[in-house]
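Below is one structure, written out as structure tokens; the observations come after it.
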Amino acid sequence: MKSFLNVEDLGNLKEALREAAEIKADRFKYDTLGKNKTLLMVFFNNSLRTRLSTQKAAMNLGMNVIVLDVNAGAWKLETERGVVMDGDKSEHLLEAIPVMGSYCDVIGIRSFAGLTDREYDYAETVYHQFLRYSGKPVFAMETATVHPLQAFADLITINEQTPSNSPLKGARGKGQGAREDQLSEQSSCSLPPAPCPSIKKEVWRGSVPKVVLTWAPHPRSLPQAVPNSFAQWMLAADVDFVITHPEGYELDPKFTQGARIEYDQRKAFEGADFIYAKNWSCPGVTRPEDYGKILHDYHQMMHWTVDAEHMSWTNNAHFMHCLPVRRGMIVTDDVIEAPSSLVIPEAANREISATVVLKHILQSL
Ligand code: CP
């Protein structure tokens with residue numbers, strides 16, 4: 001695998017879920033695969049989970065790791081071609097990338113959308129520059145339009161909550177492994193307000209779980225990478241997938257083709273087994289001039305915040321969010337702290353998704 005942006009880059013999804021379960025059972029099973037190989041993680045934006053989990057994944061595989069925070073100690077990088085560099089940017093990405101590539105075997109990129117130029121963002125310009133000029137395999141650690149390591153971890157988490165007879169289970173054994181991990185996590189987690197995950201139920205109303213991606217309010221303009229990838233990965237999995245958001249926030253059909261869109265949040269929540277909350281700014285699909293904008297004052301949108309009443313409309317759904325999350329905006333304290341909240345297992349599974357992805361890349365070197 002030379003590039004990891006989209007779900008199809010990983011190949012067979014059920015096989016990838018089987019590999020995730022294998023690695024979760026023994027995360028050091030492939031600890032010599034990365035011997036004498038170096039991962040360079042390049043961050044143009046902040047991170048907690050991606051930074052730690054991807055580094056841990058590389059260590060699981062025996063790799064060396066270099067982390068570059070572009071905005072903390074490196075020369076300020078120009079990313080646009082054809083500009084006169086008479087400002088504060090001392091180095092061009094087109095020299096910096098091959099230099100970085102000369103020190104490593106694999107590169108991970110975190111580079112968020114600028115949210116001002118839709119064409120530039122949706123072309124994944126920075127990511128493709130790394131792919132073209134580094135000469136090394138590249139993977140997304142959240143780029144302008146996608147966050148596949150997060151979506152894969154989310155799918156692993158949903159899969160772990162899925163009854164053993166569900167098609168989502170793939171090659172996984174009969175309810176072994178992850179469910180037991182969860183129960184042991186629960187027993188060591190008794191001090192509120194830390195979220196305390198547990199298993200709530202064994203059956204869905206339908207033959208497959210109903211998964212709802214819901215927009216929720218936020219005071220700042222956020223990219224669409226997480227909801228884009230979540231939609232793409234849910235549509236590739238065997239779930240009943242619904243997206244709910246206020247009108248104007250339609251995600252790019254490139255990621256949502258085949259999804260049901262329901263503008264009535266209550267209707268969308270009815271019968272849901274998983275509620276995945278996330279804010280995103282206007283994707284500029286129906287009105288390109290609104291790309292990256294917040295369409296309504298968030299004070300008027302607080303009825304979209306996921307609270308206990310919202311969760312009462314569901315089929316005892318699990319709450320999910322990629323983190324970091326703003327409490328009181330996206331979700332209330334009681335919902336995120338409830339035993340049905342999966343925010344911590346999702347974050348923990350970032351190590352697993354990254355280990356599977358790096359394993360695929362190392363096997364293709
Ligand atoms: N979910 C996620 O990617 O978290 P970080 O931004 O902290 O890496």
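The values are calculated or read from the model by the stated rules, or taken from the named source; none is laboratory data. On a predicted model such as this, the values are computed, not experimentally measured, just so you know. Glycine gets a Cβ as well: all are built from the backbone with ideal geometry, and neighbour counts include every protein chain shown. What goes into the accessible areas is simple: the full protein's heavy atoms, side chains included, and nothing from ligands, DNA or RNA. Shrake-Rupley method; radii C 1.70, N 1.55, O 1.52, S 1.80 Å.
Using the Cβ-Cβ distance between Val84 and Ser207 with R0 = 56 Å, the FRET efficiency computed as 1/(1 + (r/R0)^6) comes to roughly 0.40. Taking every protein chain into account, the 1.4 Å probe leaves Lys56 with about 60 Å² of accessible area, to the nearest ten.
Could you please state how large a percent of the accessible area of the chain is carbon and sulfur, counting protein chains only and using a 1.4 Å probe? Could you put the intermediate results ahead of the total?
Details: 7750 of 15270 Å².
Roughly 51 percent, rounded to a whole number.
If you sort Asp31, Asp252, Asp9 by accessible surface, 1.4 Å probe, largest first, the order is Asp31, Asp9, Asp252.
Projecting the Cα atoms of Thr54, Thr332, Ser312 onto the charge dipole of the chain (Cβ charges, centred on the Cα centre) puts Thr54 farthest toward the positive pole. If you sort Arg287, Arg18, Arg51 by accessible surface, 1.4 Å probe, largest first, the order is Arg287, Arg18, Arg51. Counting only whole DSSP H helices of the chain, the ones at least 20 Å long by C-alpha along their axis and with mean Kyte-Doolittle hydropathy no lower than 0.0 are 343-363. Which of the pairs Lys2/Lys37; Lys14/Lys267; Lys136/Lys359; Lys210/Lys293 have their Cα atoms more than 22 Å apart in this structure? Too far apart for the 22 Å limit: Lys14/Lys267; Lys210/Lys293. Shape of segment 248-361 from the C-alpha gyration tensor: oblate (a/c of 1.5 or more and a/b not above b/c, with a ≥ b ≥ c the square roots of its eigenvalues). Using a probe of 1.4 angstrom and keeping all protein chains present, the accessible surface of the chain works out to 42 square angstrom per residue. Relative to the Cα centre, the charge distribution of the chain, modelled as +1 at Lys and Arg Cβ and -1 at Asp and Glu Cβ, gives a dipole magnitude of about 900 debye.
Accessible area, 1.4 Å probe, largest first: how do Phe4, Phe44 sort?
Descending order: Phe44, Phe4.
How charged is the neighbourhood of Val331? Take every other residue with its Cβ under 13 Å from the Cβ of Val331, and add Lys/Arg as +1 and Asp/Glu as -1. My count for the surroundings of Val331 gives -2. Evaluating 6.51 cos²θ - 1.76 cosθ + 1.60 at θ = phi - 60° for every residue in segment 254-270, the Karplus couplings come out as 3, 9, 10, 3, x, 7, 7, 10, 10, 6, 8, 4, 5, 4, 4, 6, 4 Hz, glycine and proline recorded as x.
Surface calculation, 1.4 Å probe, protein heavy atoms: Ile294 sits at approximately 70 Å² accessible. Dividing the summed -39500 (n - 2.57) terms of all DSSP H runs of n ≥ 4 by the residue count of the chain sets its mean residue ellipticity at 222 nm at -10000 deg cm²/dmol. Between amide H atoms placed 1.01 Å from N, distances below 5 Å from Leu295 occur with Cys282, all of them 5 or more places distant or on a separate chain.
Cα centroid separation, segment 304-336 to segment 1-72: 29 Å. In this entry, the chain is assigned a mean projected area of 18.0 nm², taken as a quarter of its C-alpha convex hull surface. Rolled with a 1.4 Å probe across the full set of protein chains, the surface gives His303 an accessible area near 110 Å².
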